[in-house]
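Enquirer: Submitted below is the structure of interest, expressed as structure tokens.
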């Protein structure tokens, strides 16, 4: 978790120095998609934190096997802005960063729903 926070702080410092260009409509759409999917992953992962007694466990190597709700919240509060800061800073690869995030999150959310997790904040 400390690594994630350090990455976010570094990205914030880079972003303040970045000479990024404006976002295109296509990039905004991919950004919205990534944001919705990150929120969906967050919600289903939070649901899991209340269901460990049913055999659920976390597979993300950046979190423990049974992270607390607070740890899940901290993780997503760090990762979500990190994605958008990286996309803004690396503007030549913005669309690809957002597409990759969307794909990964779509797989994660799909799996979470498939195994029976629900959206819960």
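Enquirer: Is it fair to say residue 111 is free of Cβ contacts under 8 Å to residues at least 40 places away in the same chain and in a helix (DSSP H, G or I)?
Expert: Taking the combined requirement at face value, the residue satisfies it.
Enquirer: Considering only residues that are touching a helix residue (DSSP H, G or I) at 6+ places or on another chain (Cβ under 8 Å) and either in a helix (DSSP H, G or I) or in contact (Cβ under 8 Å) with a residue 60 or more places away in the chain (or both), which ones fall in the range 77-92?
Expert: Matches in the range 77-92: 78, 79, 80, 81, 82, 83, 84, 85, 86, 87, 88, 89.
Enquirer: Check 11, 38, 74 and return the single one that is modelled with pLDDT under 95, in a helix (DSSP H, G or I), within 23 Å of residue 100 (Cα to Cα) and in contact with a helix residue (DSSP H, G or I) (Cβ under 9 Å, 6 or more places away or on another chain). Explain how you work it out, then say what you get.
Expert: Working: 38 fails: modelled with pLDDT under 95; 74 fails: modelled with pLDDT under 95.
One residue alone meets the criteria, 11.
Enquirer: Looking at (1) within 15 Å of the chain's Cα centre (by Cα); (2) surrounded by fewer than 15 Cβ atoms within 10 Å (Cβ to Cβ), which is the only condition residue 108 fails?
Expert: With respect to (1) within 15 Å of the chain's Cα centre (by Cα); (2) surrounded by fewer than 15 Cβ atoms within 10 Å (Cβ to Cβ), residue 108 is out only on (2).
Enquirer: Quickly run through the range 41-70 and pick out the residues that are touching a residue at least 40 places away in the same chain (Cβ under 8 Å), surrounded by fewer than 16 Cβ atoms within 10 Å (Cβ to Cβ) and under 15 Å from the mean Cα position of the chain (by Cα).
Expert: Answer for the range 41-70, where residues must be touching a residue at least 40 places away in the same chain (Cβ under 8 Å), surrounded by fewer than 16 Cβ atoms within 10 Å (Cβ to Cβ) and under 15 Å from the mean Cα position of the chain (by Cα): just 62.
Enquirer: Continuing with the same structure: Quick check on residue 114: is it out of contact with any strand residue (DSSP E or B) (no Cβ under 8 Å at 6 or more places or on another chain) and surrounded by fewer than 17 Cβ atoms within 10 Å (Cβ to Cβ)? Don't jump to the end; show me each part of the working.
Expert: Values: out of contact with any strand residue (DSSP E or B) (no Cβ under 8 Å at 6 or more places or on another chain): yes; surrounded by fewer than 17 Cβ atoms within 10 Å (Cβ to Cβ): yes.
So residue 114 passes the test.
Enquirer: Same structure, new question: Please determine whether any residue of the range 42-51 is modelled with pLDDT of 95 or more, in contact with a helix residue (DSSP H, G or I) (Cβ under 7 Å, 6 or more places away or on another chain) and in a loop (DSSP other than H, G, I, E, B).
Expert: Yes, there is a match, as at least one residue in the range 42-51 is modelled with pLDDT of 95 or more, in contact with a helix residue (DSSP H, G or I) (Cβ under 7 Å, 6 or more places away or on another chain) and in a loop (DSSP other than H, G, I, E, B).
Enquirer: Mind counting the residues in the range 14-35 that are modelled with pLDDT under 95 and in a helix (DSSP H, G or I)?
Expert: 4
The values are calculated or read from the model by the stated rules, or taken from the named source; none is laboratory data. These numbers come from a predicted model, not from an experiment. Backbone-built Cβ (ideal geometry, glycine too); neighbour counts: all protein chains shown.
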